[in-house]
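Comments concern the structure below.
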Amino acid sequence: MAAAAAAQVQGRVLHRLLLLLLLCLSPKASCAQSFGIDRARDCFVKDGEPFRYIAGSLHYSRVPRVYWKDRLLKMYTTGLNAVQTYVPWNYHESKPGVFEFSGEKDLEEFIRTVNETGLLLILRPGPYICAEWDMGGLPAWLIQKRGIVLRSSDKEYLKAVDSWMSVLLPKVKPWLYQNGGPIITIQVENEYGSFGCDMEYMRHLTEVFRSKLGRDVVLFTTDEPSLHSQSCGSLQDLYSTIDFGIETNITQAFEMQRKFEPNGPLVNSEFYTGWLDYWGYAHSTRDSSLVASALDQMLSLGASVNMYMFEGGTNFGYWSGGDFNVSFLPVPTSYDYDAPLSEAGDPTEKLYIIRDVIRKYADIPAGPMPPPTPKYAYGYVHMTPYKNLTELLDILAPYGPVKSKHPLSFEEMNQGLLSGLILDGEVLTDWMIYSLDIDSVIAEGLLPSSFHSSVKMKRLDQAGIAAPTFYHGSFSIPPDIPSFPWDTFLKMYGWTKGQVWLNGFNLGRYWPRQGPQMTLYVPASLISASLPNNVTVLELEGVSCLGHESAGCSYLVQFLDRPILNGTFR
């Protein structure tokens, strides 16, 4: 009897241990995990032990979902222990009250993939994110509210922010580190000190984050290391961090952080491994040896560092934003950033130099670096002109025009002009304004899949500019290679400026006459191995005629096996 009783007790103990183990493996369960700041030891503490992160930025909104795991594994194999990402509000709520969190926009799947890869996560949910993303991640519909003041304690703005955060943050909470997930820190706003100084706004955001996520989560801010930015961007309940690149004096930068955080970890939340491009300017790069040297110096000080970017990715569709410095500086479709992983996710020389630095301070996982994704040059595709944009208004704007004596603004029409137009001193009146839904029309196949047209296009070297016109072409991939399709890069021969779709997916904007970007990245996931692949181009200004006009013009695009990001620019 005693033996039987002992066996029953042992069985119950084993059963409870098994349940405990299963709970610990659940991403939404906590097994006494903790993450915080130890100000006495000037460090982060993870599960009671001193900790510092060596992280890299990767934006899930700029990388195809099918490649999330590949990119994260390459970061892990480099020796990183964390990844940092933004959550663009307008990516998930492009229309008021309509939230999208599936497919490419499945934030929780991205977090789950981070967790499975063995990385920790630094989340930056805004509401403003900058990131050279369209409107800094703020939805365009916000500015339809007359008089609204963005990034402030304006009641209308805060009402919209609160509504968004009431949806987003409950999705995030189960993935906090203390709840068994990978999220160790969360940023509030983004470099706010360089924009405003509304402390009521920052306090409101802090309270919203605390109420939704709990009091024990580490919330932080990021600002440039200047007195003004740190003063206006920081708050007592938020840990102040800084950002800078290789041009900055590292000692002086961290001294500025210490003015606002006398104790706690040194943190560079955005250490720039490269830089972004602008249309019409040279391709930006940063010297790999200087990046490695600065990283080495920061790590030798015990600092936590996030490398921005580790992979830049792509501004598909219309998501590319811009900067303003005296004049407007639009950002191209590529967000390559001269990062350690290329736009297509391939390891660069810079990555291996960085890994050699990390090796001095942390263990590098065993095993080889995952290889580059294969690329293929599918060659030329002949494009046929269809109709110009005005001939398709019945399809692109099925509800007809809005009539107005004067032009309406973007805020009033979701698109339009900023002010009135004057021609030869006369104000132009009696407008018909069409709101076009081009993407839906193309994605739903409402434009013919095969174009037949006798449209005679103006040559680009003739006077005047051709009307915005749609073109169509198609290609099939070789049937004898079973591993296809592969990634590729689309080059626009003789084209001026416009937008390209592949099988209904908006690849982004091309503008080769401005440069420096000459090719568009095309991930393999967009290419069909069995069906013809349809290419649709909306050329806004005009395309060069290749060949003799008497024999008929040829309009070509070309798929290459390599990118061209440093082309001729004006």
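Each reported figure results from applying straightforward, stated rules to the coordinates on display, with no laboratory input. Since the structure is predicted, the reported quantities are computational estimates derived from the model, not experimental observations. A quick note on method: Cβ atoms are made from the backbone with ideal geometry, for glycine too, and the neighbour counts reach across all protein chains shown.
Assorted remarks:
- Shown in residue order for segment 370-382 are the 3J(HN,Hα) couplings computed by the Karplus curve 6.51 cos²θ - 1.76 cosθ + 1.60 at θ = phi - 60°: x, x, x, 5, x, 10, 8, 8, 6, x, 7, 10, 7 Hz (x for Gly and Pro).
- Sorted from longest to shortest, the spans of the Cα atoms of segment 33-358 along the three principal axes equal 52, 48, 41 Å.
- Size descriptors for the chain (Cα atoms only): Rg and Dmax, in that order, 26.4, 107 Å.
- Each of the peptides 356-368, 475-487 was scored by the mean count of other Cβ atoms within 10 Å over its residues; in descending order, highest first, they stand as 475-487, 356-368.
- DSSP beta bridge pairing in the chain, given as percent antiparallel to the nearest 5: 65 percent
- The helix-only estimate of mean residue ellipticity at 222 nm for the chain, built from DSSP H runs of length n ≥ 4 each weighted as -39500 (n - 2.57), is -7000 deg cm²/dmol after division by the residue total.
- Using the Cβ-Cβ distance between Asp363 and Glu109 with R0 = 30 Å, the FRET efficiency computed as 1/(1 + (r/R0)^6) comes to roughly 0.60.
- Modelled this way, with points 7 Å down the Cα-to-C-beta line, the labels at Lys387 and Ser194 are 4.6 nm from one another.
- Pair Ser293, Ser166: separation of 7 Å Cα→Cβ label points (nm): 5.4 nm
- By average C-beta atoms within 10 angstrom, highest first, the peptides 304-316, 148-160: 304-316, 148-160
- Inter-centroid distance (Cα atoms) of segment 315-355 relative to segment 234-277, Å: 22 Å
- By average C-beta atoms within 10 angstrom, highest first, the peptides 169-178, 437-446: 169-178, 437-446
- Look at where the Cα atoms of segment 47-75 and of segment 428-442 average out, and the two centres are 41 Å apart.
- Using the Cβ-Cβ distance between Ser102 and Lys159 with R0 = 25 Å, the FRET efficiency computed as 1/(1 + (r/R0)^6) comes to roughly 0.45.
- Cα-projected label distance for Ser226 with Lys69, points at 7 Å along beta-carbon direction, nm: 4.5 nm
- Extended-chain gain in nm, criterion 0.36 nm per residue less alpha-carbon gap, Arg41 and Arg562: 182.7 nm
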